[in-house]
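What follows is a set of notes on a single structure, which appears directly below.
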Amino acid sequence: MTAIENNIDSLPAPPLDGSAIPIAVSTEEYVDRYRKFYDQWGELLQTNLDRLDRGSYHLGWMDKEGSNWGTQVKPSSRGLTYSDMNRSKAYGTIPEKTEFRNFAPRGSVRDRYADQLPTIEEYDVVEKMHVWADNLETLYEEAKVRQWNSTTDIPWTELEPVSEDLEMAACQLSTFLTEVEFVAGDFPARWIYRIAPDYFEAKNFLVTQMMDEARHMEVFRKRALAGGGALLHPSPAFEWALKAILESPTHTQGTFLLNVLGEGLVLTIFRAGEFLSKTHVDKEIFRLCMQDEARHVSYGTLELKSFLDAAPNQEAALADMHAFADIGEQVILTAITDPYVLEPLAVLMGDGIDDIDDGMEGVSFLWATIVEEYLQRCDRAGFDRREKCTIPAEFPWAV
Amino acid sequence: MGGVMTDEIVAFPSIEWFELLAQRMAEQRDHFVSLGSCDCTAQVTIWDGPGGDEWRCQVVFEEFGVESVRLVSEEDEEAADFILETDRETWQEMVDSIVEGEGRPGLLHTLNRLTMPGTPIRCWSHDPLGRDAFFRFNQTIQHFINNSATFTTEWSEG
Ligand SMILES: [Fe+2]
Ligand SMILES: [Fe+2]
């Protein structure tokens, strides 16, 4: 036996912990679990210790057998992108289903280690159709180079509220958008760690979406305060929609509800926000957010298409998606009929509370745009909701 | 934006007008790099172009610049990600506003403001993903047009 001890048995037991801190598992359970796995990792440890003790080298990592050594990966004019890398069969073959629920990189010499590699139980999204979109690589590159900074890219010093009612409307809209941006970041967060690393392009893109949403949350929180106003009222109706998005049964369903319907709607609100802006500060905020949001919507559209194209039982997949969309549209309807969202938009549209009636006509136009663009994106994904859509095509406002 | 007024005079609508904006984009590469790459084909359609006919050109944006500006016909429309169509007067009003703001349009004359209600500029596409490209690259396209403040536009009669 070596001087370096393989000494798991001599480790002290963890103290019992009765506190209420958020935990994934108790320390006791964790320690117990890793003791149970000891047969597997303890054997590797022992082999390594013995080798070190003998003073011998392994050099197995220099064995090129089964590797893609020598595969030419050439940068394009804009540098070395994933699209450039994936042009080679060796690195660009995306498995329809992966057996690798661990961290071994796609394209590495990993087959021979399959029995020794651990399984990450949480990596349970193991099929391409649930995460892939044909524009993923493009959108990932675009997201990286089109980042902006809400601290320095917005001309904050130019912000001068026009009147109290318009500023209140801007603050209420900002409060609502701050709420929305939380879920748009948390939904991908809920799935990223479940996606098997073979689909790293999807994981990476979703990380950019999270960064975008963090920035949106940040910029709308700042906007609410920067004009001397305040964060105003959260919207219980909208929060039910956010909850429904967050708790979607599958990644594709949630991506449909968040990216296609929800963010399609938010994209229109951003466009309207730019249209309605009374200051260059607001123009800049909405225009920059609009760009990010359109990436998320584009991903959602082709992710839904990827799922519907590849589903083994297309009829069942469509029926399931329609059943999900029936309820999903209703919770989104609950959200977009909410006065805490519609009325500030109408005040901005009408140029003040006195002309809120005129503003509602503008909201009516927005409504029709949101529904029509949603249906067009569904069509593009091969998901025909035209006869089934449960959101009225016209704004249900009695005048 | 760092564009300074020059003594160049270019007619609108013309290929030369958009090529001059492309040249400005190349001159301000650092600024456009800071906005991020832009890859899309934008078509501009002017209903009352020279001779009173519809005038169409496509500006092909690639990475941080313009790859080409080309005169096209109706049959080429599907090559465009999105189409911005309107009359000359709307362009004149927009450019006047940009010139007055020294490279920044007034609140009522940004591209998004003018296209959002579908009038006075209609932004449309054969493919919703193509129309989304107009939103994805909006800041770059706005700054591209903002360089119209760096020269004099001659508004020829139709
Ligand atoms: Fe967002
Ligand atoms: Fe988003």
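The values are calculated or read from the model by the stated rules, or taken from the named source; none is laboratory data. The shown structure was predicted, so the numbers you read here are calculated from the model rather than taken from an experiment. All Cβ positions, even for glycine, are placed from backbone atoms using ideal geometry, and neighbour counts span all protein chains on display. Heavy atoms of the whole protein, side chains included, go into the accessibility calculation; ligands, DNA and RNA do not. Shrake-Rupley method; radii C 1.70, N 1.55, O 1.52, S 1.80 Å.
Quick check: Cα centre of region A:44-65 to Cα centre of region B:107-158, how many Å?
Value for the Cα centre distance between the two parts: 63 Å.
Which one of B:A79, B:T115, B:F12 is farthest out on the positive end of the charge dipole of region B:9-151, using unit charges on Cβ (Lys, Arg +1; Asp, Glu -1) and the Cα centre as origin?
B:T115
Could you give log10 I(q)/I(0) at q = 0.10, 0.11, 0.17 Å⁻¹ for region A:128-380, computed by the Debye formula over C-alpha point scatterers of equal weight, without solvent?
-0.47, -0.57, -1.29
Helix-only mean residue ellipticity at 222 nm, chain A, DSSP H runs n ≥ 4 weighted -39,500 (n - 2.57), per residue, nearest 500. What is it?
Mean residue ellipticity, 222 nm, calculated: -18500 deg cm²/dmol.
Could you sort A:197-205, B:26-34 so that the peptide with the highest average Cβ count within 10 Å comes first and the rest follow in order?
Per-residue Cβ counts within 10 Å, averaged per peptide and sorted highest first, yield A:197-205, B:26-34.
Tell me, what % of the accessible area of chain B is carbon and sulfur with a 1.4 angstrom probe?
Here carbon and sulfur together make up 46 percent of the probe-accessible area.
Which whole number gives the average count of other chain Cβ atoms within 10 Å of the Cβ atoms across peptide B:123-130?
Per residue, the average neighbour count from other chains is 4.
Going highest first, how would you order B:141-148, B:88-95, A:168-175 by mean Cβ packing within 10 Å?
Averaged packing, sorted descending, gives the order A:168-175, B:141-148, B:88-95.
Taking square-rooted eigenvalues a ≥ b ≥ c of the alpha carbon gyration tensor, is region B:1-67 rounded, prolate or oblate, where a/c under 1.5 means rounded and, failing that, a/b exceeding b/c means prolate?
On the way: a/c = 3.33, a/b = 1.47, b/c = 2.26.
Verdict is oblate for region B:1-67.
If you fit an axis through the alpha-carbon atoms of helix A:339-350 and take the longest principal axis of the Cα set of chain A, what angle between them do you get, 0 to 90°, nearest 10?
Approximately 50 degrees, to the nearest ten.
Over region B:9-151, what is the mean sequence separation of C-alpha contacts under 8 Å (at least six apart), divided by residue count, expressed as relative contact order in percent?
Computed value for region B:9-151: 25 percent relative contact order.
Out of the total accessible area of region A:174-295 (probe 1.4 Å, heavy atoms of protein only), what percent is carbon and sulfur? All intermediate terms of the calculation are to be shown ahead of the outcome.
Numbers: 2130 of 3220 Å².
Answer for region A:174-295: carbon and sulfur cover 66 percent of the accessible area.
Does region A:230-346 classify as rounded, prolate or oblate by the C-alpha gyration tensor (a ≥ b ≥ c root eigenvalues; a/c under 1.5 gives rounded; else a/b over b/c gives prolate, otherwise oblate)?
Since a/c reaches 1.5 but b/c is at least a/b, the shape of region A:230-346 is classed as oblate.
Where does each of B:D96, B:D81 land when they are ordered by accessible area, with a 1.4 Å probe and the largest first?
These residues rank, largest area first, as B:D96, B:D81.
Take the alpha-carbon centre of region A:325-347, take the same for region A:169-220, and report the distance between them in whole Å.
Going from one Cα centre to the other spans 20 Å.
Considering only protein heavy atoms, what per residue accessible area in square angstrom results for region A:69-121 with a 1.4 angstrom probe?
Heavy-atom SASA per residue in region A:69-121 reads 71 Å².
What number, in percent, do you get for the relative contact order of region A:291-379 if the mean sequence gap of Cα pairs under 8 Å and at least 6 apart is divided by its residue count?
16 percent
What percentages make up the Cα-Cα pair-distance distribution of region A:16-105 when the bins are 5 Å wide from 0?
Each 5 Å bin holds this share of Cα pairs: 2, 9, 9, 12, 13, 11, 11, 13, 11, 6, 2, 0.
Expressed as a whole percentage, what fraction of the accessible surface of region A:316-399 belongs to carbon and sulfur atoms when a 1.4 Å probe is rolled over the protein heavy atoms?
For region A:316-399, the apolar C and S fraction of the accessible surface comes to 55 percent.
Compute the relative contact order of chain A as a whole-number percentage, counting only Cα pairs closer than 8 Å that sit 6 or more residues apart in sequence.
The normalised contact order for chain A reaches 16 percent.
Would you work out if chain B is rounded, prolate or oblate? Take a ≥ b ≥ c from the square roots of the eigenvalues of the alpha-carbon gyration tensor; rounded if a/c is under 1.5, else prolate when a/b is larger than b/c, oblate otherwise.
Rounded shape, in that the Cα axes give a/c under 1.5.
Pop a pseudo-label 7 angstrom from the Cα along the beta-carbon direction at both A:H322 and A:V73 and give the gap in nm to one decimal.
4.4 nm
What is the Cα centroid distance between region A:95-163 and region A:349-397, reported in whole angstrom?
32 Å
Could you work out which residue, out of A:I120, A:I195, A:I23, moves most in a Gaussian network model of chain A, that is, has the largest mean-square fluctuation with Cα springs under 10 Å?
So, out of A:I120, A:I195, A:I23, the one fluctuating most is A:I23.
For region A:179-194, take each phi angle, set θ = phi - 60°, evaluate the Karplus expression 6.51 cos²θ - 1.76 cosθ + 1.60, and give the result in whole Hz per residue in order, putting x for glycine and proline.
4, 4, 5, 4, 6, 5, x, 6, 4, x, 4, 5, 10, 3, 6, 8
At the nearest 100 Å², what buried accessible area, both sides summed, do you get for B and A when the probe is 1.4 Å?
For B against A, buried area totals roughly 3000 Å².
Let me confirm one metric for peptide B:107-119, namely the mean number of other chain beta-carbon atoms within 10 Å of its residues' beta-carbons.
5
I need the peptides A:310-318, A:364-372, A:55-63 ranked by packing, meaning the mean over residues of other C-beta atoms within 10 angstrom, with the highest value on top.
Those peptides, ordered most packed to least, come out A:364-372, A:310-318, A:55-63.
Across peptide B:134-141, what mean number of C-beta atoms from other chains lies inside 10 Å of a residue's C-beta?
Mean number of neighbouring Cβ atoms from other chains: 6.
Between A:C389 and B:R70, how many nm apart are label points set 7 Å from Cα along the C-beta direction?
3.5 nm
Once you charge only the Cβ atoms, +1 for Lys and Arg and -1 for Asp and Glu, what is the size of the charge dipole of the protein assembly as shown about its Cα centre, to the nearest 20 debye?
Working: 47 positive and 97 negative charges, 418 e Å.
With Lys and Arg at +1 and Asp and Glu at -1, about 2000 debye.
Given a cut-off of 36 Å, what percent of all Cα-Cα pairs of the protein assembly as shown lie beyond it?
44 percent
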